[in-house]
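Please find one structure pasted underneath; my questions will follow.
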Amino acid sequence: MTPTPEGPVLPPGPAGPVDMERMRRDPLAFVTEMARRYGDITRHVSDGEPVVMLNRPDLARHVLKDNFANYTKVNTPDDHMLRPLLGNGLLTSDGEEWARQRKLCAPAFRRSEVSSFDGIITEETAGLLERWQQAMGDGAPVSVDHHLTSLTLSILTRAVLGVDLGAAGEGFGRSVDAVNRFMGHYVPDPDPDPADTALRRQGYVQARAFLHTVSRTVIAARRTTMGGADPHAPQPGGKSTGALLDSMLDELSDTDLRDQVLTLIMAGHETTAKALAWTLYLLDQHPDEAATVREEVDRVLGGRVPTAADLADLPRCRQAVEEAMRLYPPVWLISRRATGPDTIEGYDIPAGTLVCVSQWVLHRHPDYWDRPDAYVPGRFDGPDLPSHLYLPFGGGERTCIGMHLALIEAVLVLAMLTQAVRLEVEPGFTVEPEALVTLRPKHGMRMKVSAR
């Protein structure tokens, strides 16, 4: 690390540009190998641009929290992927605009607020179990990933936005798949076929139009409600909903309103659905852990519907979800752009440098995790983890606003599913992660459902 007349002191990494075809084919293997070969801070050149990767919790904290003001989401891969779909919503905005939007949305996502959505969560989950009755009878596998997407979408729109989408929510999972495949920064495409590219673009445009239609439907439905019955009347499940959307209707222009609603819909359901899908998969692969969860659910609930008051007595359910998000973090990469020069671990970070943190790497760092590749939910029954080691909801100032809702929702849904059914991956079905915008099961998640 001795300074030279030629330039700054740079982190270790490959001498030349990386193999982009290899990176795009398997980005998870690429980031894992970079950390293994070069350590906790690395540098490589991707598409002509230098990229610094931070693979240690204190380094992640430096960028995401301690020196937050020096790093922006503007002109990052996250920004490039999400802005064409989401516009200037909470995920893509920056600076004062982001702070204003965060302040507007924050009250709706406080722990005390989202705990009162338990009735909506359990009602929608009961509806999903009802829809699975036929599959339980004939043994046909179900696309659990799409069913969970529909479930978390329904919960989000009812609880936070005060709107029941009904039939408008059908097909949402397929549309999300289409936009993710097109937007994914590392989509395998080593030998682009113009016809295939055009077809994927057409699929993206159609899916984006559908998602925009959903957001407009939500807004129109809420405006209709506000023009008639009391918009804050108690909903089934006992909760008055929709205050967030009502306040946004008063505060935002039509374009900003559409961007914010679509951002809340996408960010508020997609990651939770993926966390649940990976949890169900891992419990199927680890029967002893599944038995532990079943024992807890049966003992605590005794066959009744869970409520938020039961959450403290369902630690094994919570840990099962937390460990799934460690191994398969729904958001697997965070990117920031340095707005000014910085120094990290003695290395120079020039202004404009792209700096990334991969949860996939951080969550499996062998210096911090015992048996890092194993599914061990009990590891979360212990002392607090080092700051910024575990980042399923991001870190620092931009920690996901929906964290409390996601955890409460995931635990209650898991408890109800565990109570009622057994879910097993369809024999011969291949399950493997695919790192697009979120970390998704590449081929979906087909599972057989049987009544307990």
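The values are calculated or read from the model by the stated rules, or taken from the named source; none is laboratory data. Computed from a predicted structure; not experimentally measured. Heads up, the Cβs are rebuilt from the backbone with ideal geometry, glycines too, and the neighbour counts pull from every protein chain shown.
Residues of segment 350-369 being farther than 15 Å from Val45 by Cβ and in a strand (DSSP E or B), which ones? Outline the logic, then answer.
Looking only at segment 350-369, we keep the residues that are farther than 15 Å from Val45 by Cβ, and these are 351, 357-369.
Hit for segment 350-369 is Val357, nothing else.
Right, another one. How many residues, within segment 405-442, are of a type outside the set (Val, Ile, Thr) and within 18 Å of the chain's Cα centre (by Cα)?
Count: 16.
In the list Thr32, Thr2, which residue meets the criterion of being among the hydroxyl-bearing types (Ser, Thr, Tyr) and at pLDDT 95 or above?
Criteria check complete, one pass: Thr32.
Kindly provide the set of residues from segment 392-443 that are in contact with a His (Cβ under 8 Å, 6 or more places away or on another chain), over 18 Å from Thr279 (Cβ atoms) and surrounded by fewer than 17 Cβ atoms within 10 Å (Cβ to Cβ), ordered by number.
Within segment 392-443, Thr430 is the sole residue that qualifies.
In this structure, is Glu49 at pLDDT below 95, over 19 Å from Val355 (Cβ atoms), out of contact with any helix residue (DSSP H, G or I) (no Cβ under 9 Å at 6 or more places or on another chain) and acidic (Asp, Glu)?
Here the answer is no, as Glu49 does not meet what is asked.
Of the residues Ala338, Ala351, only one is in contact with a Gly (Cβ under 7 Å, 6 or more places away or on another chain) and surrounded by fewer than 20 Cβ atoms within 10 Å (Cβ to Cβ); which?
Sole residue among the options that is in contact with a Gly (Cβ under 7 Å, 6 or more places away or on another chain) and surrounded by fewer than 20 Cβ atoms within 10 Å (Cβ to Cβ): Ala351.
With respect to the numbered conditions (1) in a strand (DSSP E or B); (2) within 14 Å of Tyr328 (Cβ to Cβ), which one is the sole condition not fulfilled by Tyr390?
The single condition Tyr390 does not satisfy is (1).
Only one of Asp191, Asp256, Asp164 is closer than 30 Å to Glu21 by Cα and either charged (D, E, K, R) or modelled with pLDDT under 70 (or both). Can you tell me which? Spell out the reasoning first.
On the way: Asp256 fails: closer than 30 Å to Glu21 by Cα; Asp164 fails: closer than 30 Å to Glu21 by Cα.
After ruling out the rest, the residue left standing is Asp191.
Scan segment 285-292 and give yes if some residue there is closer than 30 Å to Met183 by Cβ and assigned to a helix (DSSP H, G or I), otherwise no.
yes
I'm trying to understand the selection: among the residues of segment 40-75, which are touching a strand residue (DSSP E or B) at 6+ places or on another chain (Cβ under 7 Å) and on the phi > 0 side of the Ramachandran plot?
Once the filter is applied, which keeps residues that are touching a strand residue (DSSP E or B) at 6+ places or on another chain (Cβ under 7 Å) and on the phi > 0 side of the Ramachandran plot, segment 40-75 yields only Asn75.
Continuing with this model, one more query. If you scan segment 404-427, which residues turn out to be in contact with a strand residue (DSSP E or B) (Cβ under 9 Å, 6 or more places away or on another chain) and under 18 Å from Thr292 (Cβ atoms)? It would help to see each step written out before you state the result.
From segment 404-427, those in contact with a strand residue (DSSP E or B) (Cβ under 9 Å, 6 or more places away or on another chain) are 406, 417, 420-427; that's our starting set.
Within segment 404-427, Leu417, Ala420, Val421, Arg422, Leu423, Glu424 qualify.
Follow-up. Would it be correct to say that Val331 is among the β-branched types (Val, Ile, Thr) and in a loop (DSSP other than H, G, I, E, B)?
So Val331 fits the description; yes.
When residues of segment 66-88 are filtered for being surrounded by 16 or more Cβ atoms within 10 Å (Cβ to Cβ) and either among the polar types (S, T, N, Q) or more than 24 Å from Val179 (Cβ to Cβ) (or both), how many remain?
7
Still on this model: With a cut-off of at least 2 residues that are among the β-branched types (Val, Ile, Thr), name the helices (runs of 4 or more DSSP H) lying wholly within segment 100-150.
In segment 100-150, the matching helices (runs of 4 or more DSSP H) lie at 118-131.
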